[in-house]
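Enquirer: Here you go, one structure.
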Protein chains: 2
Amino acid sequence: MASSKAFTMTGGDVAYSYSKNSTIQRDGVDAVKEQIKEAILENFDLKRLGFDTSSTAVIKIADLGCSVGPNTFFVMENIIEAVELKFLQAKNQNLAALEFQAFFNDHYENDFNTLFKTLPPSRKYFAAGVPGSFHDRLFPKSSLHLAHISYALHFLSKVPKEVVDRNKSNVFNSSEKEVVEAYSTQLESDIECFLNARAEELVPGGLMLILAGAVPDGVPISDTVIGVCNDVMGSCLKDLVKMGVLGEEKVNSFNVPIYLVTPTELEAILRTNENFSIEKMEKHVQPMKKPLSPEGYALAVRSSLDAVTRNHFGDEFAEQIFNHFNTKVEPNFSKFQGALRNSLNLFILLKRI
Amino acid sequence: MASSKAFTMTGGDVAYSYSKNSTIQRDGVDAVKEQIKEAILENFDLKRLGFDTSSTAVIKIADLGCSVGPNTFFVMENIIEAVELKFLQAKNQNLAALEFQAFFNDHYENDFNTLFKTLPPSRKYFAAGVPGSFHDRLFPKSSLHLAHISYALHFLSKVPKEVVDRNKSNVFNSSEKEVVEAYSTQLESDIECFLNARAEELVPGGLMLILAGAVPDGVPISDTVIGVCNDVMGSCLKDLVKMGVLGEEKVNSFNVPIYLVTPTELEAILRTNENFSIEKMEKHVQPMKKPLSPEGYALAVRSSLDAVTRNHFGDEFAEQIFNHFNTKVEPNFSKFQGALRNSLNLFILLKRI
């Protein structure tokens with residue numbers, strides 16, 4: 001099992017909270033709404049799951065790495081609507097006898113208080129929160145029918161040892177071959193842990209819906225969102241060292257545990273796992289219903305990186321780092337926008353064999 | 001369904017938090033440890049529950065109104081140890097194939113963040129938090145094998161309408177016949193909602209363990225913990241009205257939604273429900289391993305009443321009320337101690353028919 005370091009989105013109600021700065025993720029999730037429906041209608045096999053003969057059915061669904069709402073609530077609703085439709089089409093089921101249990105999972109440090117308080121008051125499911133890393137076991141065996149994970153697989157359980165040992169922050173050298181390889185290897189091992197845990201938890205015939213941020217094959221890291229973000233963060237940290245605000249050692253030991261795969265890389269990892277069949281794997285361009293302003297971009301980056309920055313530098317320095325980061329978003333905005341156009345979303349459907 | 005008002009214990013890490021001021025509850029839970037074990041060994045019917053033939057078993061347990069730790073974790077451990085022993089004794093089960101899923105339930109406003117962060121790192125169960133009132137449905141049908149509730153049934157879903165309409169705080173007149181009757185009727189209706197919800201959720205043969213605070217038959221309210229607490233709170237609020245700190249109307253509309261049953265009352269309510277059989281009902285004197293100091297007493301009262309007081313009076317006034325309340329505990333200490341000796345714990349085992 002991986003012993004996963006917490007990498008949580010910002011909770012609560014602050015300006016840079018995830019709940020206020022997750023429209024990119026929302027757009028991505030919305031864009032695959034139809035795909036999710038189709039995937040469930042075509043692959044949620046009522047007979048194999050034992051629902052064809054029973055008079056009642058309780059469907060158990062998990063959203064892994066859900067952060068706080070509202071995106072996770074939209075996803076849950078989408079999935080449930082599709083399952084209801086599947087039962088309706090089967091006709092031998094009474095829809096009223098269907099019940100849903102929804103498990104919302106994220107790290108122990110996730111803001112579950114906010115998640116729970118913002119649950120939709122009229123909802124079709126019994127809600128539960130499940131704390132812990134999705135690289136580990138979270139549920140009893142054969143206790144889930146559907147699992148969903150979006151925009152979360154790229155968070156590594158830890159910074160790879162090889163990168164830590166270099167004592168040079170990955171934000172300065174994210175394109176170097178050794179660094180890329182170390183991150184890629186770490187991700188491979190993390191996804192293996194993830195799949196092995198889910199293989200225990202999903203019933204045979206159970207489905208896993210994955211929406212993963214990725215970069216197109218052949219695009220260099222420097223031209224990806226992560227690459228540009230690292231560059232800007234790197235120059236920001238360098239400035240603060242020069243200004244005497246941050247110590248060089250502290251900066252050198254700062255690494256961001258994120259890695260975006262290519263489609264080829266991810267497919268290879270998924271194929272090695274013998275417990276799941278790949279039923280679908282589609283590439284989608286990251287949609288942007290409303291383009292982010294530089295300020296919106298800065299807030300979105302912070303909602304994602306605030307916790308890891310705070311953990312490393314402390315609250316006060318994190319504040320200074322992001323204030324400085326904000327001033328650098330505008331001058332680098334065309335790079336950010338270009339990188340976003342290089343962002344791919346992979347929509348994947350796995351079935352538990 | 002009752003629409004239950006939140007009545008949450010104080011979360012977080014403050015001096016008057018529930019986690020730091022729940023030794024009375026801890027002593028009570030510890031005192032029935034053996035009873036819980038015995039109840040499970042004698043009544044957890046592996047054959048009826050379908051565990052006698054399966055090669056693996058997932059046991060699902062809920063603690064209802066769990067607040068934050070650590071008490072709920074001790075209880076969960078006790079229950080799990082007893083179930084393991086039961087399986088061991090049955091001998092046809094491989095203990096390694098047993099898995100447990102523990103559901104920790106309390107109101108949406110409960111401090112689940114603290115609950116999750118303080119989960120015992122090495123534990124025998126998969127943990128989940130379930131937000132919502134235990135007067136309503138919380139789980140899918142037939143999805144629990146064991147439910148536990150301690151020191152929580154006395155929280156009413158709301159202040160009875162008759163009491164609200166009197167526009168005279170119940171802390172001034174908790175012994176009046178009309179008030180007592182209105183509270184008693186409300187509790188009866190709340191427990192019915194509670195039992196009906198659990199009847200859906202527990203599998204046939206499933207067990208419900210109840211530890212309920214109560215007062216001996218025939219003891220007047222004024223001689224109980226609630227009575228003394230109301231008296232002291234009442235005189236405290238009167239002082240603050242006189243001092244011009246609180247308005248009279250605000251004070252008159254303040255009611256504490258708590259009612260302690262007598263054993264006869266509770267037994268009558270439980271007997272009317274046709275979904276459960278009463279397997280055990282024992283009276284225990286509330287144990288006190290280490291007597292509380294006046295200060296400890298004041299903190300314990302606040303850990304329980306802080307939320308309801310804050311909700312009604314606002315943060316600033318709640319602070320003043322408890323500061324004033326604290327000065328009144330010492331002069332009334334013998335009354336508090338006497339009332340505590342009048343406290344009964346009822347240990348009840350119900351079985352889902």
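Enquirer: With the label 7 angstrom out along Cα to Cβ, how close does A:P287 come to the same site in each of the other copies, in nm, nearest first?
Expert: Label-point distances to the other copies, shortest first: 6.2 nm.
Enquirer: I'd like the Kirkwood hydrodynamic radius of the stretch B:213-298, using the inverse of the mean 1/r over distinct C-alpha pairs, in Å.
Expert: 16.2
Enquirer: Next question. Can you put B:I321, A:I348 in order of Cβ neighbours within 10 angstrom, beginning with the fewest?
Expert: The fewest-first ordering by Cβ neighbours comes to A:I348, B:I321.
Enquirer: Let a ≥ b ≥ c be the square roots of the eigenvalues of the Cα gyration tensor of the stretch A:274-320; is it rounded (a/c under 1.5), or, if not, prolate (a/b larger than b/c) or oblate?
Expert: Verdict is oblate for the stretch A:274-320.
Enquirer: Does anyone have the angle between helix A:177-201 and the longest principal axis of chain A? Alpha-carbon axes, 0 to 90°, nearest 10?
Expert: Helix A:177-201 sits roughly 20 degrees off the main axis of chain A.
Enquirer: Given an 8 Å cut-off on Cα distances and at least 6 residues of separation, report the relative contact order of chain B as a percent.
Expert: 23
Enquirer: Sort shortest first the distances from A:T272 to its counterpart in every other copy, using label points 7 Å along the Cα-to-beta-carbon line, and give them in nm.
Expert: Values, ascending and in nm: 6.4.
Enquirer: With the label 7 angstrom out along Cα to Cβ, how close does B:F333 come to the same site in each of the other copies, in nm, nearest first?
Expert: Once sorted, the set of distances for B:F333 reads 6.7 nm.
Enquirer: Sticking with this one: Treating only the Cβ atoms of Lys and Arg (+1) and Asp and Glu (-1) as charged, compute the dipole magnitude of the protein assembly as shown about its Cα centre; round to the nearest 20 debye.
Expert: The calculated dipole for the protein assembly as shown is roughly 460 debye.
Enquirer: Above 18 Å lies some portion of the pair distances; for the stretch B:289-353, what is it as a whole percent of all C-alpha pairs?
Expert: Result for the distance tail: 50 percent.
Enquirer: I need the Debye-formula profile for the stretch A:97-226: one equal scatterer per C-alpha, no solvent, reported as log10 I(q)/I(0) at q = 0.17 1/Å, two decimals.
Expert: -1.03
Enquirer: In µm²/s, what is D for the stretch A:69-161 at 20 °C and 1.002 mPa s, where D = kT/(6 pi eta Rh) by Stokes-Einstein and Rh is the Kirkwood radius from Cα pairs?
Expert: 141
Enquirer: Here's a follow-up. Taking all pairs of different Cα atoms in the protein assembly as shown, averaging 1/r and flipping that mean, what Kirkwood radius in angstroms comes out?
Expert: Kirkwood radius, the protein assembly as shown: 27.7 Å.
Enquirer: Based solely on its DSSP helices, what 222 nm [θ] is calculated for chain A when runs of n ≥ 4 H residues each add -39,500 (n - 2.57) and the sum is averaged over all residues, nearest 500 deg cm²/dmol?
Expert: Calculated at 222 nm, the ellipticity per residue is -14000 deg cm²/dmol.
Enquirer: Can I ask one more? Using only alpha carbons, build the gyration tensor for chain A and give me the equivalent ellipsoid semi-axes, biggest first, whole Å.
Expert: Ellipsoid half-lengths, sorted descending, are 37, 21, 18 Å.
Enquirer: When you look at the Cβ of every residue in A:112-119, what mean number of other chain Cβ atoms sits within 10 Å?
Expert: Mean number of neighbouring Cβ atoms from other chains: 6.
Enquirer: In whole angstrom, note down how far apart the Cα centers of the stretch B:142-170 and the stretch A:190-233 are.
Expert: Cα centres, the stretch B:142-170 to the stretch A:190-233: 47 Å.
Every number in this text was worked out from the coordinates using simple rules, so none of it is lab data. Bear in mind the structure is a predicted one, so any value in this text is a computation, not a measurement. Neighbour counts are summed over all protein chains in view; Cβ atoms, including those assigned to glycine, are modelled from backbone coordinates with ideal geometry.
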